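**Q** Below you will find the structure I want to go over with you.
The values are calculated or read from the model by the stated rules, or taken from the named source; none is laboratory data. Keep in mind that this is a model prediction, so the values were computed, not measured. Glycine gets a Cβ as well: all are built from the backbone with ideal geometry, and neighbour counts include every protein chain shown.
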């Protein structure tokens, strides 16, 4: 069992996981500030954030790592999935910054509000 845990930790790569967690925290902070700034803050949306932004990204990343443990040919997908998650979270952060009034092109912020 210890061997599997070590292999999981090695494949999950603490740095990549910390980047995902940091981007989730930045997205949460930027979204909260943007919603307060635009006077659209709703406490229930904080809970929705957990189910729409946190769990899918964390579980998705862990799922690909677990599959790569069982089938080593999938190890190439770990950085690809990580890159997609980073890109999605970065786009969400930029969209929140755009709501705060930062002038960003729609191609970066992904939000046409």
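**Q** What is the one condition in (1) more than 29 Å from residue 10 (Cβ to Cβ); (2) modelled with pLDDT of 85 or more; (3) in contact with a helix residue (DSSP H, G or I) (Cβ under 6 Å, 6 or more places away or on another chain); (4) surrounded by fewer than 16 Cβ atoms within 10 Å (Cβ to Cβ) that residue 77 does not satisfy?
**A** Among (1) more than 29 Å from residue 10 (Cβ to Cβ); (2) modelled with pLDDT of 85 or more; (3) in contact with a helix residue (DSSP H, G or I) (Cβ under 6 Å, 6 or more places away or on another chain); (4) surrounded by fewer than 16 Cβ atoms within 10 Å (Cβ to Cβ), the lone unmet condition for residue 77 is (1).
**Q** Being at pLDDT below 90, surrounded by 12 or more Cβ atoms within 10 Å (Cβ to Cβ) and in contact with a helix residue (DSSP H, G or I) (Cβ under 6 Å, 6 or more places away or on another chain) narrows it down to one residue among 30, 12; which is it? Write out each step before concluding.
**A** Values: 30 fails: at pLDDT below 90.
Residue meeting the stated conditions: 12.
**Q** Would you say residue 83 is out of contact with any helix residue (DSSP H, G or I) (no Cβ under 8 Å at 6 or more places or on another chain) and assigned to a helix (DSSP H, G or I)? I'd like the intermediate steps shown before the answer.
**A** On the way: out of contact with any helix residue (DSSP H, G or I) (no Cβ under 8 Å at 6 or more places or on another chain): yes; assigned to a helix (DSSP H, G or I): yes.
For residue 83, the condition - out of contact with any helix residue (DSSP H, G or I) (no Cβ under 8 Å at 6 or more places or on another chain) and assigned to a helix (DSSP H, G or I) - is met.
**Q** Give all pairs with beta carbons closer than 6 Å in which a residue from the stretch 1-28 that is more than 18 Å from residue 49 (Cβ to Cβ) meets a residue that is part of a helix (DSSP H, G or I) and modelled with pLDDT of 70 or more; count only pairs at least 6 apart in sequence or on separate chains.
**A** What qualifies is 7/69; 11/65; 11/68; 12/65; 16/82.
**Q** Of everything in the stretch 15-27, what is loosely packed, with under 15 Cβ neighbours inside 10 Å and either at positive phi or modelled with pLDDT of 85 or more (or both)? Give them in sequence order. Break it down into steps so the answer makes sense when it comes.
**A** Keep residues of the stretch 15-27 that are loosely packed, with under 15 Cβ neighbours inside 10 Å, which gives 15, 18, 21-22, 25.
Within the stretch 15-27, 18, 21, 22, 25 qualify.
**Q** Any idea which of (1) within 20 Å of the chain's Cα centre (by Cα); (2) part of a loop (DSSP other than H, G, I, E, B) is the one residue 40 doesn't satisfy?
**A** Single failed check for residue 40: (1).
**Q** Taking into account only those residues within the stretch 92-113 that are surrounded by fewer than 15 Cβ atoms within 10 Å (Cβ to Cβ) and assigned to a helix (DSSP H, G or I), which is nearest to the chain's Cα centre (by Cα)?
**A** 108
**Q** Please identify the pairs in which a residue from the stretch 102-113 that is on the phi < 0 side of the Ramachandran plot has its Cβ atom under 6 Å from the Cβ atom of a residue that is part of a loop (DSSP other than H, G, I, E, B) and at pLDDT below 80, counting only partners at least 6 apart or on another chain.
**A** Listed pairs, sorted by first residue: 106/112.
**Q** Please give the number of the condition residue 68 fails out of (1) over 30 Å from residue 4 (Cα atoms); (2) surrounded by 13 or more Cβ atoms within 10 Å (Cβ to Cβ); (3) more than 18 Å from the chain's Cα centre (by Cα); (4) modelled with pLDDT under 90.
**A** Tallying (1) over 30 Å from residue 4 (Cα atoms); (2) surrounded by 13 or more Cβ atoms within 10 Å (Cβ to Cβ); (3) more than 18 Å from the chain's Cα centre (by Cα); (4) modelled with pLDDT under 90, residue 68 fails exactly one: (1).
**Q** Ok, one more. Hey, residue 53 hits all of (1) surrounded by fewer than 14 Cβ atoms within 10 Å (Cβ to Cβ); (2) under 14 Å from residue 21 (Cβ atoms) but one; which does it fall short on?
**A** The one condition residue 53 does not meet is (1).
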